[in-house]
Amino acid sequence: MRAIRVYPHEITSGNVNQILERLHNLGVTDILYEAKNVDGKVFYSSKLAEVIDDRLSLICESAKEYKMRVSVWFCTFPEGYRGRLLGSGISRFLRKNPDCAAVDDEGYSTLEHPVPCDYGLENYACPANPKVQDYELGLIKEIVKGYPVNGIHLDFIRYPIPGDYCYCDYCTTHFKNTFGISIKDEEASRYLLKWRQQTITDFVNKVYGELKSVDNNLLLSALVWKYDDCLKFTQDWKQWNMDFISPMFHHKGLFKRPIWVRNEIHKNRTMSNKRMVASIGGLYSDLFTKKEWDLCEKYAIEGGAEGILYEHYGLLEVVSTLENSRMSDIKKIMRWNLFLIDHSIRVRISKLRRSS
Ligand SMILES: [Zn+2]
């Protein structure tokens, strides 16, 4: 599998065929189209959520021609965003149901104190609240019943990070009923992480059951943290019913070399026999050369993944890189080296400031 993330605004009626043709020529087999954005707005015909417009129809129609599969990238629990990426404001669902917002250990809801995230701030719904779960599941059912999609790819399938969540009224009451002590009790910390992991596991497995009851061929997948990080972020994905999993092996953001991808995937494969499509890219993926993307794909397969997911912040940048221009690779290597010099100077200055 060679899958690629496509953000909603990157597809229009004017460019959809041209973009899919380019992806097809690059050997991309699967489009993961983000039809529910991080701000909770949607890009398909929904009766439940605020609709920007129905671009999912466009992409499904065009993908048929190029025999590519389309799954929906679904930003699960964020229901509001403000920042440099696409999206603006709080979803109608969260505005109408402020009690559904996740609440931190100091009692602030994500409506009052939004959570820092990629290039902005997000308003996050409580993953445990049944009203939230019913709503998100309702959207997923609308999509798979209304469109000829191949599956659903869950993103943000966890509690908010960073921070300690959730202490909303629902979680407070439910915790007390389950464990017989207050969620604020010192002893509660013994149960909290496992309880949160189980909440996410139960929801994922419910989504899986719903998908298979609609059509057994529908695939459920998710973007997750790799196994040595996932538990602290409430993602015990070894327990999830899932057709494949996409842990993030984003080497460049961690200042690792591409070979790290192979070693990490291999480690994750020995921990779980789940089918794996490795997420490659992430932070600084705009500075990946074609050679780097190709090398990561080779290492991902060698490590035991069944394919890769191109994870990025701009489709056209990745596509033009993959279409290859030696000049573009040389420019990117220069930009990356300049970035590294700048980065190491900043690190040294901040160390000097701390020591003085
Ligand atoms: Zn809660």
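Do the conditions hold for residue 326, that is, is it touching a strand residue (DSSP E or B) at 6+ places or on another chain (Cβ under 8 Å), over 16 Å from residue 4 (Cα atoms) and not acidic (Asp, Glu)? Against the criterion (touching a strand residue (DSSP E or B) at 6+ places or on another chain (Cβ under 8 Å), over 16 Å from residue 4 (Cα atoms) and not acidic (Asp, Glu)), residue 326 does not qualify. Considered as a group, the residues in the range 257-278 that are in contact (Cβ under 8 Å) with a residue 40 or more places away in the chain and charged (D, E, K, R) include one that is surrounded by the most Cβ atoms within 10 Å (Cβ to Cβ), and that residue is 262.
Looking at the range 6-50, which of the residues that are under 16 Å from residue 136 (Cβ atoms) and basic (Lys, Arg) is surrounded by the fewest Cβ atoms within 10 Å (Cβ to Cβ)? Looking at residues that are under 16 Å from residue 136 (Cβ atoms) and basic (Lys, Arg), I get 47. Could you tell me how many of the residues in the range 153-186 are away from the ligand (no atom under 14 Å from the Cβ), surrounded by fewer than 14 Cβ atoms within 10 Å (Cβ to Cβ) and either at pLDDT 95 or above or not in a helix (DSSP H, G or I) (or both)? Counting residues in the range 153-186 that are away from the ligand (no atom under 14 Å from the Cβ), surrounded by fewer than 14 Cβ atoms within 10 Å (Cβ to Cβ) and either at pLDDT 95 or above or not in a helix (DSSP H, G or I) (or both) gives 3. Which residue is farthest from residue 161 (Cα to Cα), if the candidates are limited to the range 87-99 and must be more than 21 Å from the chain's Cα centre (by Cα) and within 16 Å of the ligand (Cβ to nearest atom)? Of everything passing the filter in the range 87-99, 97 is farthest from residue 161 (Cα to Cα).
For the range 124-151, the set of residues classified as surrounded by fewer than 22 Cβ atoms within 10 Å (Cβ to Cβ) and within 16 Å of the ligand (Cβ to nearest atom) consists of 130, 131, 133, 134, 135, listed by residue number. Tell me, yes or no, whether the range 205-213 has at least one residue that is part of a helix (DSSP H, G or I), free of Cβ contacts under 8 Å to residues at least 60 places away in the same chain and touching a Phe, Trp or Tyr at 6+ places or on another chain (Cβ under 7 Å). Yes: the range 205-213 contains one or more residues that are part of a helix (DSSP H, G or I), free of Cβ contacts under 8 Å to residues at least 60 places away in the same chain and touching a Phe, Trp or Tyr at 6+ places or on another chain (Cβ under 7 Å). If only one of 309, 283, 322 is within 19 Å of the chain's Cα centre (by Cα) and in contact (Cβ under 8 Å) with a residue 40 or more places away in the chain, which one is it? The conditions single out 309. Among the conditions (1) at pLDDT 95 or above; (2) aromatic (Phe, Trp, Tyr); (3) more than 15 Å from the ligand (Cβ to nearest atom); (4) more than 21 Å from residue 115 (Cα to Cα), residue 233 misses just one, which is (4). Which residue pairs have Cβ atoms under 7 Å apart, sit 6 or more places apart or on different chains, and have a first residue in the range 167-185 that is in contact (Cβ under 8 Å) with a residue 12 or more places away in the chain and on the phi > 0 side of the Ramachandran plot and a second that is among the basic types (Lys, Arg) and more than 9 Å from the ligand (Cβ to nearest atom)? Here the result reads none, with nothing in the range 167-185 linked to a residue that is among the basic types (Lys, Arg) and more than 9 Å from the ligand (Cβ to nearest atom).
The values are calculated or read from the model by the stated rules, or taken from the named source; none is laboratory data. Treat the numbers as computed from the prediction; the structure is a model and nothing was measured. Neighbour counts are summed over all protein chains in view; Cβ atoms, including those assigned to glycine, are modelled from backbone coordinates with ideal geometry.
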